[in-house]
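Engineer: Pasting a structure below so you can have a look.
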Amino acid sequence: MQRGFVRAENDRLVFEDGSEARFWGANVQARALFDASNEMIEQQARRIAGLGFNLVRIHHHDSADWSPSLFLSNTDNTSELDAKNLDRIDYWVKCLKENGVYIWLDLHVGKTVSSRGSDRIL
């Protein structure tokens, strides 16, 4: 990243270089994460950065309400990930990072976790 990692300093967020961290963000979520080709992801990452965004929230990638998702389809077991869809998320992160865009990987959306018959809501 251009300014390095972000850290908390008292009541502010600051970059490694000491400057105050300010974010202008957007969401990329659900089907848009998984149906894009590499070329389209590269194009969108450049466009997002070109519009002045420096943060993207990756959202609804692991929600039972959306398909496709990170989990294997046609199974109730959410402990098995779909390698192809995991690769899509990885490619988004790579391309956004190359364009100086920070990532917020949202892990608290209301995911249902199941493992062969037992369910619980996080």
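Engineer: How far apart, in nm, are the 7 Å Cα→Cβ label points at residue 11 and residue 105?
Structural biologist: The modelled label-to-label distance comes out at 3.2 nm.
Engineer: Kindly put 106, 90, 62 in sequence by how many other C-beta atoms sit within 10 Å of each C-beta, fewest to most.
Structural biologist: 90, 106, 62
Engineer: At what distance in nm do the modelled label points of residue 37 and residue 22 sit from each other, each positioned 7 Å from its Cα along Cα→Cβ?
Structural biologist: About 3.9 nm separates the two model spin labels.
A short reminder: the numbers here are calculations on the coordinates, not readings from a lab. Not measured: the values here are computed from a predicted model. Positions of Cβ are backbone-derived with ideal geometry, glycine not excepted, and every protein chain shown enters the neighbour counts.
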